[in-house]
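Taking it in order: structure first as structure tokens, then the write-up.
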Amino acid sequence: MFAALTPTLFVFLWSTGFVVARAIAPYADPNLFLLARFGGTALLFTCVAVAMRAPWPRGREIGKHLFAGALLQGVYLGAGYWAVAQGLSAGVMALLGALQPLLTAALAAPMFGERISLRRWQGMALGLAGVVLVLTPKLRASTGASFASGAHVSPLIVVLVSVLSIGAITAGTLYQKTSLAQADIRSASAVQNAGAAIVAALLALALGEHRWIASTTLWISLGWGIAMLSGAGVTLLVWMVRHGDAARATALLFLAPPLAALESWLLFRETLTPVQIAGFGVALAGVLLARRG
């Protein structure tokens, strides 16, 4: 039953990351928030691992887990948030993120011998098409103005950093299928979130981030980020990658932007057009096809 419910729960949790990012924007600098989120999750899993007497990684494996967490969350979210803060369209960033399952599939085949059938490639292409339909309004709004005026960083650098973020989560995901898969997921999550926290701390210091305006929205978002996003969401992704193939697991990410659009419509009264609704259906069909291929 857990295995059957895992994909649905993962997609829902992952999609809420977009909502949290929007909710905390008026109250906290992104990497400062991420530092609190990753640090809180690391502490949470440490308590769980200690209470349940889970075995801990040792020797070189500790460094590997720190590096994996830095890639999977720290660099991915830190670089992505920074690119958006520099004026990169959120729609463009979400579209780049939708390329991650394709990149994962392309690399998983030669690295781990995963068989990627034609049906699975067709499903992922359909999933990407659905994401494009959902993001069409945002992409149109950003046409000719993908970067905010007044940005002090070269657009080329911003694009390169955003691409780096996608490369980081792809590498972090694939890295979970190495010797890291032998570690207890509870203690491994504690160490990996610590690795992500280190990256967030370095970015917050380098960028001089200090804004933290305490509010109910901020504290609720932080609690959700600790327990549900970095806690349950990322752990479910790692669990699915460990117990299956990486391409099949990451195909679920195509559903995150469409579901986030629906959540934004419910929570922030954003417009939800017929094209976006159709895109949700196309993405869902693509994911179902990719996971059955």
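The values are calculated or read from the model by the stated rules, or taken from the named source; none is laboratory data. Since this is a predicted model, take the numbers as computed values, not measurements. Methodologically, a virtual Cβ is constructed for each residue, glycine included, from the backbone with ideal geometry; neighbour enumeration extends over all protein chains shown.
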**OP:** Count, please, the residues in the stretch 264-276 that happen to be in a helix (DSSP H, G or I) and surrounded by fewer than 17 Cβ atoms within 10 Å (Cβ to Cβ).
**Re:** 6
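So, residue 239, is that one at pLDDT 90 or above and either of a type in the set (Phe, Trp, Tyr) or not in a helix (DSSP H, G or I) (or both) or not?
yes
Residues are listed down the side, and each one gets a yes or a no for (1) without any contact (Cβ under 8 Å) to a residue 60 or more places away in the chain; (2) closer than 20 Å to residue 253 by Cβ:
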site	(1), (2)
49	no, no
52	no, no
59	yes, no
76	no, yes
**OP:** Return a yes/no flag: does the stretch 274-289 have any residue that is in contact with a Lys or Arg (Cβ under 7 Å, 6 or more places away or on another chain) and either free of Cβ contacts under 8 Å to residues at least 24 places away in the same chain or under 18 Å from residue 128 (Cβ atoms) (or both).
**Re:** yes
Subject >> Number of positions in the stretch 36-61 that are of a type in the set (D, E, K, R) and surrounded by 19 or more Cβ atoms within 10 Å (Cβ to Cβ) >> reply: 1
**OP:** Would you check which residues across the stretch 176-196 are buried (at least 21 other Cβ atoms within 10 Å of the Cβ), among the polar types (S, T, N, Q) and closer than 24 Å to residue 112 by Cα and list them?
**Re:** 176, 189, 192
Subject >> Which listed residue is closer than 26 Å to residue 271 by Cβ and not β-branched (Val, Ile, Thr), from 52, 93, 111, 124 >> reply: 93
**OP:** Filter the helices (runs of 4 or more DSSP H) completely within the stretch 63-168 down to those with at least 3 residues that are out of contact with any His (no Cβ under 8 Å at 6 or more places or on another chain) and either among the aromatic types (Phe, Trp, Tyr) or modelled with pLDDT of 90 or more (or both).
**Re:** 76-85, 100-112, 118-141
**OP:** Return yes or no: is residue 18 in contact (Cβ under 8 Å) with a residue 60 or more places away in the chain, within 21 Å of residue 195 (Cα to Cα), part of a helix (DSSP H, G or I) and among the hydrophobic types (A, V, I, L, M, F, W, C)?
**Re:** no
Original post:
How many residues does the stretch 245-263 contain that are assigned to a helix (DSSP H, G or I), touching a Phe, Trp or Tyr at 6+ places or on another chain (Cβ under 8 Å) and closer than 22 Å to residue 113 by Cα?
Top reply: 3
Original post:
Do you know which residues across the stretch 203-226 are in a helix (DSSP H, G or I) and either surrounded by fewer than 16 Cβ atoms within 10 Å (Cβ to Cβ) or touching a strand residue (DSSP E or B) at 6+ places or on another chain (Cβ under 8 Å) (or both)?
Top reply: 205, 206, 216, 217, 218, 219, 220, 223
**OP:** Name the residue, out of 12, 33, that is touching a residue at least 12 places away in the same chain (Cβ under 8 Å), surrounded by fewer than 21 Cβ atoms within 10 Å (Cβ to Cβ) and within 16 Å of the chain's Cα centre (by Cα).
**Re:** 12
Subject >> Given (1) modelled with pLDDT of 95 or more; (2) within 22 Å of residue 91 (Cα to Cα), number of the condition residue 260 does not satisfy >> reply: (1)
